[in-house]
1. Across region B:225-240, in residue order, what do the Karplus-derived ³J(HN,Hα) couplings come to in whole Hz, using 6.51 cos²θ - 1.76 cosθ + 1.60 with θ = phi - 60° and x for Gly and Pro?
2. Under the rule a/c < 1.5 gives rounded, and otherwise a/b versus b/c splits prolate from oblate, where does region B:26-102 land using the Cα gyration tensor?
3. In whole Hz, what ³J(HN,Hα) sequence does region B:615-632 give by Karplus (6.51, -1.76, 1.60; θ = phi - 60°), x for Gly and Pro?
4. What's the angle, to the nearest 10 degrees (0 to 90), between helix B:196-207's Cα axis and the longest principal axis of chain B?
5. Run the quick spin-label model on A:Glu145 and B:Lys414: label points 7 Å from Cα toward the beta carbon, then report their separation in nm to one decimal.
6. If I take R0 = 30 Å and measure r between the Cβ atoms of A:Asp336 and A:Glu214 in this structure, what FRET efficiency does the formula 1/(1 + (r/R0)^6) give, to the nearest 0.05?
7. Where does each of B:Thr404, B:Thr218 land when they are ranked from fewest to most other beta-carbon atoms within 10 angstrom?
8. Sort B:Ser576, A:Ser20, B:Ser382 so the one with the fewest other Cβ atoms within 10 Å of its own Cβ comes first.
Amino acid sequence: MTTSSPVIQAKNVWKIFGPSPEKYLSGMTPGRSFDDIRADGYIAGVRDVSIEVARGEMLVIMGLSGSGKSTLVRCFSRLHDITGGTIEVDGQDIMSMNERELIDMRRNKMGMVFQSFGLLPHRTVLDNVAFPLEMRGQDKHARRERALEVIELVGLNGREDYFPRELSGGQQQRVGIARSLAIEPDIWFLDEPFSALDPLIRREMQDEFLRLQEMLGKTIVFITHDFDEALRLADRIAIMKDGAVEQCDTPDKIVMNPATEYVAKFTEEIDKARVVHARGLATPLNGAAIEGAAIDGNATIHELARILVNDTREILPVADKQGEIMGVMQRQAALDVLLGGA
Amino acid sequence: MASVSTDTPNKQHGQVSKRTVLWTLLGAAALIILARAFGVLPEWLHRIPEGAIPPTAQVLDGIFSFIQNDLGLIYVTRFIAEGPLEFLLDTSANLLEGKRRWPNIGPIPWASVAGVAAVVGYALGGWKLAALGAGTFLWTALIGQWKMAMQTMSVLVVAAPLAFAVGIGLGILAWKYRWVERALKPMLSVLQTLPFFTYLLPAVIFFKVGPTAGAVATIIFAVPPMILMTTLGLKKVSPEVVEAGKMSGCSRWQMLRHVYVPAARTEILVGVNQVIMLCLAMVVLTAFIGMPGLGAKLLAMMGSFKLGRSFEIGVTIVLLAVTLDRMSKAWVVKQPEHFDRGTPWWKRNHLALLALGIFVGFILLAQVFPILSTIGRKQHFSQGKEIDVLIKSFLAMDGIRGVTEWLRWFLNVKVLIPFRNTLLAVPTPAFILCVVAFSYWLGGRRSAIYAAVFFTIVAFSGWWDRSVITLYTVISAVVLSMMIGIPLGVVAARSEKWSNRILLACDTAQTFPSFIYLIPAIMLFGVNDVAVVFSILIFATVPLTRYTIEGLRTVPPEMTEAADMSGASRKQKLMSVQLPLALPTMAVGFNQAIMFAFFMVIIAAFIGTQDLGQELQRTLAGTELGKNFVLGMNVSLMALTFDMAITSWAERRKRALGLA
């Protein structure tokens, strides 16, 4: 995963809104804060963000409204032109693409799901899902077949001829998801896809989404303002504030070692035991002698609670997905996480 | 946000000086009037002397003739008129009324048209609209006005689609390029206030007398709202839908064709509705350049005081207007419905097939029963004479006659004539100062400057007295209609049931071509000044009532509840909560009333007024394009002055109240 080159590589990306942002950015003294920039009459959507998304990874960008998370993801797909820095997708600088190349990239590589669905009201479910295929000129039969396939995938079969307004919110978002998957994209952007849905449906859709991801293994950039959602889904989380990334790390590390006070505020209320995995606490073997059965590294501390309480070993071996020993975990450290002691 | 707090002190400072400016303006006006009263005002300050008036009309004539002949524009326009446009009009005229032109198959039997109208009505809005559609055409045929109605319709079916195409095209351009929007905006506001006689003469000169000129004038008249609605709709498309389109890899054309235009469907269809209604109103009015059809007949009948026939034609026009309006509005709200999987082709299109079947069926039947095709002179059910006698004897009844005669006398002798003479006695500079003061008070500095410039232009146009008479008619009619319309709205707004009824009535009345409003006026008061004011009065009361109700109803409920809980009586609540909050909306109605009045006062010219409309109507007979234009601009400039002042006041007020 780490050896192959990243799918998306953003370096020092700036996005500034205002009368003449390029000129402003080039003349700006470094280190100006969000408020300083606002006082100058500009809005900093994205401030000096450098981030990589690896192939097959799910990066969740988390932040409150106005933190720049939606702006950042729109920079990745060049729905927004960035003001400074570079963004490479599969090694290609997207800012140097012409309109044709850009359209080709979107037609073949990218899919996006929107918060309020962004469905075309005058098209049926089938025609909405087939829309990207139609745009790239696929013939009617091929696109119909493919559209039916993805509609089935998201569990909407039987509703192909419905119009968006005849569907519930959850169903509409399934259409949005199906549409974004129709072209078999390599990169999947989801912009707060579940926040317009009510809590019960949201949970159901998250499960559905995890199922799809398990099956498809796409590279995903997922945006949310819901920290629980981020923890539940992410391989890595990037927490944004005022256009800048405060911390970008795995959920375990964010919960265990929040980099800034802002991040710490989010993690305070979280039941760490439900987030932190055994592998997150594991340290390298370093020749330590191991005894007894290994515990599953992909289990959360909460799931291991019974073992942790009953086991008498001070050092527990931790196994990875393949069952090989990846390191050892101090029982006391795990108990601290579980019981909140420190 | 930060600017809000800094705004207040500035404003207070502005208000202090505002009062001084107002008093200065009014004081200067009063001085001039006093000087005039004591006979010390030099004559050149009372009215601009003839010698000082620039020969605008002649200059314009020169420019027009240069464009027309030297630049050869006339060949282009004549080519369009005699080529494609005439071809379209001839084709529709052949199909609908049986004019002997290609393709020589018409006229289509009336029963076929009525049948198709019924199916279209059913498809759009169920049985009620089906009955309305069929009923309208049935009435038209049975009353013996089929041919006239089809003469009108044959222009409409060509003009409306063309106006739609031009409007949507310009609307898209205005949305895409800011400079197009900036260039179009002032033109559109002038076009919307320009009296229709001003459209007619250039149309006649450039596009040949007859249906072509009528169609061109109609198209120009109907285009502005289509442009505005298209731009509005495209701007309102949700950004996520746009982004979804982009992420689907749409090219620019695909974005427009598959994303923007369908997503702006509602606004575009509202534009279509307005195009159809304006086209109908205008086609009827082309009677003034001798176009045959319902309008021409109505004009002739009213001119010879045949009230029964006028009434019948009026009913036909109203029915057509209501049918077209209801159907196009039903189309706006009509949403696509899905069919179950595997529904066969004929079932999916059953209504289209039904319409086709009825259409062909009646054509075939009409071969056997010619009465289904045309209803002859002796066969129709027109009761023109009988209605005429009925109306006239009703009006001649002592009670009725007493009232109308007294009203006529009272309005004429006690109100209208004194008011007019007062206005005419005011020296030009004082008049302008008063208008500027009014604009300044309402709209602020910008409006005042426009008012000063516009009215000075009017003063130098050489038609000052006629302009003042036009203004006098407008002001009297609008003031009278406020006395009726606003109380009516206030009372109606008290109950949900009545506001809905009155709103429906107002909406329906607004779809009538303005011409219709002359019928009752002439019936009651005959052909004179009072009839003019009365017809404007009915026409202008409609928007006033409508926006009063709308304004009162949109007062946020928590505010009226707060008033209730503060123990306000009904009257207190109305005066200190509801009316102040409704005022900006009511101002929109007031503005519309003034615009309507300016429109109507010109049409009323044929009753025999002495204002700009009369002169305008005279120009139609000749080729004095320059004069026609000057007169039209005068009307437009006066209307624009009020429009700007009132609109700017309403907008400012809405923002101040946090209602915008």
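We did not get these values from a lab; they are worked out from the coordinates using the rules stated. Every value quoted in this text rests on a predicted model; they were computed, and no experiment measured them. Counting neighbours? That spans all protein chains shown, and the Cβs are built from the backbone with ideal geometry, glycine included.
1. x, 5, 4, 4, 5, 4, 4, 4, x, 5, 5, 8, 4, 5, x, 5
2. Cα axes put region B:26-102 in the prolate bin.
3. In residue order, the calculated couplings are 4, 4, 4, 5, 5, 4, 6, x, 10, 7, 4, x, 5, 3, 5, 4, 4, x Hz.
4. 60
5. 8.8
6. The pair A:Asp336/A:Glu214 has a calculated efficiency of 0.40.
7. Listed from fewest to most nearby Cβ atoms, that is B:Thr404, B:Thr218.
8. A:Ser20, B:Ser576, B:Ser382
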